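These notes are about the structure you will find just below.
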Amino acid sequence: MDNIVNTKVKLGNGTIVQAQGKGTNGVQTKQGTRFIRDVLLVPDLEHNLLSLGQLLENDYSLQFQDKCCIIYDKRGSKDVVTKIKIEKNRSFSINFRYTSGVAMKASIVEDSWLWHRRFGHINFKNLKLLHKENMVQGLPTIEEKHEVCEGCAFGKHHRQSFQKGVAWRAKEKLELVHTDVCGPMQTLSNTENMYFILFIDDYTRMTWVYFIRQKSEVFGVFRKFKCLVEKQSGCLIKVLRSDRGNEYTSNEFHKFCEDEGVERQLTVGYTPQQKGVSERKNQTVMEMAKSMLHDKGIPRLFWAYNYVFD
């Protein structure tokens with residue numbers, strides 16, 4: 001429940017009443033649980049009111065026929081959420097069964113910190129954007145916090161970044177893939193891995209993380225990655241950008257890329273700004289993992305689970 005609301009509701013008879021909260025309700029339908037967002041808590045109302053306009057804005061479809069109102073799950077869908085008969089007073093009365101434990105979100109302040117941690121200590125500006133765009137089911141209203149997060153302070157402290165320059169960007173999926181290996185880590189993971197390897201699609205910035213015990217596994221991992229993403233996307237990897245580490249410059253790696261028509265872009269040694277995308281993503285996932293481990297006091301040997309989160 002968001003108790004920090006200042007919304008007034010005007011009723012049909014002209015009366016204005018004050019809303020005392022806003023949250024999300026879960027209701028049971030034939031198609032399973034559905035969540036009604038931005039529900040106003042108005043104690044002075046005798047009955048719950050459901051806005052047809054908001055249903056339409058959220059892509060539900062309404063049909064009135066045979067003295068009934070039929071609500072369809074999505075526009076163009078044939079899945080019926082509910083069918084309501086008209087009352088004698090020409091209103092439509094819905095008898096929803098509310099789910100337990102999800103009726104209203106508790107404590108917006110605690111929720112804001114909770115979701116900040118759940119998303120790997122993401123900044124509150126991006127959390128608010130996720131809520132605004134309805135990109136995460138069940139994400140409540142987020143209140144931006146200005147207090148210092150100890151986990152963020154521990155995990156995200158780093159040196160000043162390189163000056164930004166104009167870099168070429170891919171115009172389609174898998175046109176350019178960045179890759180980098182990080183490790184050895186200070187602590188052996190519980191799955192006995194010491195390294196992780198990143199693959200980042202330049203166009204979408206989608207990232208894949210693989211854990212390996214030694215760098216000699218990089219070539220085999222790339223082959224599996226290439227097969228996976230090309231079949232899933234229907235696109236082909238055109239350019240692979242990496243540093244000049246031995247794991248990327250072996251004869252078998254070069255021959256495989258040559259046979260598969262993958263162009264190689266090898267960056268100059270000791271110039272991390274040339275592989276800024278992979279360096280930045282590497283830094284991001286490490287910061288997230290360190291912040292989460294420190295925040296919850298998790299032993300370091302579980303670092304791999306936190307990297308999977310990203």
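Using the Cβ-Cβ distance between Gln186 and Leu228 with R0 set to 30 Å, the FRET efficiency from 1/(1 + (r/R0)^6) comes to roughly 0.50.
With a threshold of 19 Å on the Cα-Cα distance, the over-threshold entries among Lys74/Lys128; Lys171/Lys238; Lys22/Lys74 are Lys74/Lys128; Lys22/Lys74. Among Val177, Val136, the order by Cβ neighbours within 10 angstrom, fewest to most, reads Val136, Val177.
Given R0 = 45 Å, the distance between the Cβ atoms of Asn13 and Glu172 translates into a calculated FRET efficiency of 0.20. Across the range 175-189, computed HN-Hα scalar couplings (Karplus, 6.51 cos²θ - 1.76 cosθ + 1.60, θ = phi - 60°) run 5, 9, 10, 8, 9, 7, 10, 10, x, x, 6, 5, 10, 5, 6 Hz from first to last residue, x flagging Gly and Pro. Set the Förster distance to 51 Å, then compute FRET efficiency between His131 and Asn89 from the Cβ-Cβ distance, nearest 0.05. The computed FRET efficiency comes out at 0.85.
None of the figures in this text is laboratory data; all of them are computed from the coordinates on show. It should be emphasised that the depicted structure is a prediction, and the values quoted were computed from it without experimental measurement. No Cβ is skipped: glycine too gets one built from the backbone with ideal geometry, and neighbour counts run over all protein chains shown.
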